[in-house]
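The values are calculated or read from the model by the stated rules, or taken from the named source; none is laboratory data. Treat the numbers as computed from the prediction; the structure is a model and nothing was measured. In this analysis, Cβ positions are derived from the backbone assuming ideal geometry, glycine residues included, and neighbour counts consider all displayed protein chains. Side chains are part of the model used for accessible areas, which takes the heavy atoms of the whole protein and leaves out ligands, DNA and RNA. Shrake-Rupley method; radii C 1.70, N 1.55, O 1.52, S 1.80 Å.
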Amino acid sequence: MRTRLSDLAEQAGVSTATVSRVLNGKPGVASSTRQAVLAALDVLGYERPSVLRGRSAGLVGLIVPELTNPVFPAFAQAIESILAQRGYTPLLCTQAPGGTTEDEYVSTLVDHSVDGIVFVSGLHADTRADHTRYSMLRSQGVPIVLVNGYAPGIDAPFVSPDDAASVDVAVQHLVTLGHRRIGLAIGPERYVPSRRKLAAFLAALVRHGLADDETAAREHVRSSLYTLEGGQAAAAELLDAGHTAVVCASDLMALGAVRAARSRGLSVPDDVSVVGYDDAPLIAFTEPPLTTVRQPVEAMARATVSALLTEIQGEQATRTELLFAPELVVRGSTGAAPKA
């Protein structure tokens with residue numbers, strides 16, 4: 001026990017006496033300090049004593065598209081952690097091709113009387129999908145929050161990154177480095193984030209004098225899948241068309257763009273610059289380290305949980321879409337444009 005207390009105290013940055021008070025459920029410990037000790041228990045792999053487990057304030061469903069893209073586990077972990085801190089038990093639902101659908105998950109969650117549901121990059125982001133499913137859910141009194149992809153007409157809070165600003169900052173960075181042939185590799189254009197990035201990219205090329213008009217700027221765009229293979233295919237076409245820089249709609253696509261460049265004997269960033277999007281975990285340790293536009297996952301997760309709990313408590317959260325500013329993280333995959 002002495003070793004355990006000292007380990008926990010070191011991990012949490014508190015005294016062993018404070019750890020002892022938390023483990024024994026004693027009062028007189030600040031909420032933030034108590035949470036730090038609980039987090040230390042989890043990090044070091046100790047089981048929480050039964051006195052600390054408490055009664056769940058309720059169940060909350062969290063539906064994400066899949067876990068192969070690292071940004072979705074990041075969202076899931078951030079949202080789940082904040083929900084747990086507020087006393088709620090999160091139920092993670094992940095989708096995969098041929099597996100359980102979003103509607104099937106919703107049906108199961110409603111059957112389990114969840115207090116609310118968070119949708120991350122769900123069908124609400126698909127402009128071809130029928131959005132009445134969310135109206136039906138709201139008519140049943142289930143609070144929901146929708147992340148990544150605004151759909152007017154749905155009575156729910158929306159939390160999104162500023163997709164247009166993310167493209168603007170990426171293009172500005174590449175123009176500053178002297179690039180004049182800049183391409184965009186995005187996912188399917190029926191999704192709201194893709195449409196927003198596309199519109200911003202076309203406008204940026206015209207604004208920087210890289211295209212006469214937005215119609216002409218379309219030749220610098222390739223649509224594919226949000227995967228490494230999709231990024232490789234889109235970037236291959238852009239590179240073959242003479243582009244010296246590629247802005248990608250996800251980090252996975254950007255890694256595919258790097259692969260496409262290397263398969264053509266090109267160096268990143270000496271011959272080709274690549275910008276990703278998300279700043280997913282471990283992306284700073286690729287070769288070369290990837291320049292990317294960081295999606296503010298933690299801040300968006302806090303806003304998401306705050307809006308959901310407001311709805312659960314019977315109040316109405318704002319229906320205006322909450323847009324979060326991106327951050328350009330410059331690393332080793334971008335450099336000066338190659339000399340002709």
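Residue-wise test of (1) hydrophobic (A, V, I, L, M, F, W, C); (2) open to solvent by less than 10 Å² (accessible area, probe 1.4 Å); (3) in contact with a strand residue (DSSP E or B) (Cβ under 8 Å, 6 or more places away or on another chain); (4) at negative phi.
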residue: SER273; (1), (2), (3), (4): no, yes, yes, yes
residue: GLU287; (1), (2), (3), (4): no, no, no, yes
residue: THR292; (1), (2), (3), (4): no, yes, yes, yes
residue: GLU311; (1), (2), (3), (4): no, no, yes, yes
residue: GLU321; (1), (2), (3), (4): no, no, yes, yes
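Run SER166 past the list (1) surrounded by fewer than 24 Cβ atoms within 10 Å (Cβ to Cβ); (2) touching a Lys or Arg at 6+ places or on another chain (Cβ under 9 Å) and report the number of the one that doesn't hold.
Status for SER166: all satisfied but (1).
Any idea how many residues of segment 200-232 are of a type in the set (Gly, Ala, Ser), surrounded by fewer than 18 Cβ atoms within 10 Å (Cβ to Cβ) and over 22 Å from PRO161 (Cα atoms)? Give the derivation first.
First, the residues of segment 200-232 that are of a type in the set (Gly, Ala, Ser): 200, 203-204, 209, 211, 216-217, 223-224, 230-231.
Those still in the list that are surrounded by fewer than 18 Cβ atoms within 10 Å (Cβ to Cβ) too: 203, 209, 216, 223.
Checking which are over 22 Å from PRO161 (Cα atoms) leaves us with 209, 216.
Summing the residues that are of a type in the set (Gly, Ala, Ser), surrounded by fewer than 18 Cβ atoms within 10 Å (Cβ to Cβ) and over 22 Å from PRO161 (Cα atoms) in segment 200-232 gives 2.
On the given criteria, is LEU238 surrounded by 20 or more Cβ atoms within 10 Å (Cβ to Cβ) and either in contact (Cβ under 8 Å) with a residue 60 or more places away in the chain or not in a helix (DSSP H, G or I) (or both)? Walk me through how you get there before you give the answer.
On the way: surrounded by 20 or more Cβ atoms within 10 Å (Cβ to Cβ): yes; either in contact (Cβ under 8 Å) with a residue 60 or more places away in the chain or not in a helix (DSSP H, G or I) (or both): no.
When the stated conditions are applied, LEU238 does not pass them.
Could you check PRO281 against (1) over 15 Å from VAL169 (Cβ atoms); (2) open to solvent by less than 40 Å² (accessible area, probe 1.4 Å); (3) under 17 Å from the mean Cα position of the chain (by Cα) and say which number it fails?
Of (1) over 15 Å from VAL169 (Cβ atoms); (2) open to solvent by less than 40 Å² (accessible area, probe 1.4 Å); (3) under 17 Å from the mean Cα position of the chain (by Cα), only one is false for PRO281: (2).
So which residues in segment 8-28 are surrounded by fewer than 16 Cβ atoms within 10 Å (Cβ to Cβ) and within 34 Å of the chain's Cα centre (by Cα), if there are any at all?
GLU10, GLY13
Only residues that are open to solvent by 40 Å² or more (accessible area, probe 1.4 Å), assigned to a loop (DSSP other than H, G, I, E, B) and free of Cβ contacts under 8 Å to residues at least 60 places away in the same chain: list them for segment 79-98, please.
Our first condition is that a residue be open to solvent by 40 Å² or more (accessible area, probe 1.4 Å); within segment 79-98, this holds for 80-81, 84-86, 89, 91-92, 94-98.
Now restrict to residues that are assigned to a loop (DSSP other than H, G, I, E, B): 86, 95-98.
Answer for segment 79-98, where residues must be open to solvent by 40 Å² or more (accessible area, probe 1.4 Å), assigned to a loop (DSSP other than H, G, I, E, B) and free of Cβ contacts under 8 Å to residues at least 60 places away in the same chain: GLN95, ALA96, PRO97, GLY98.
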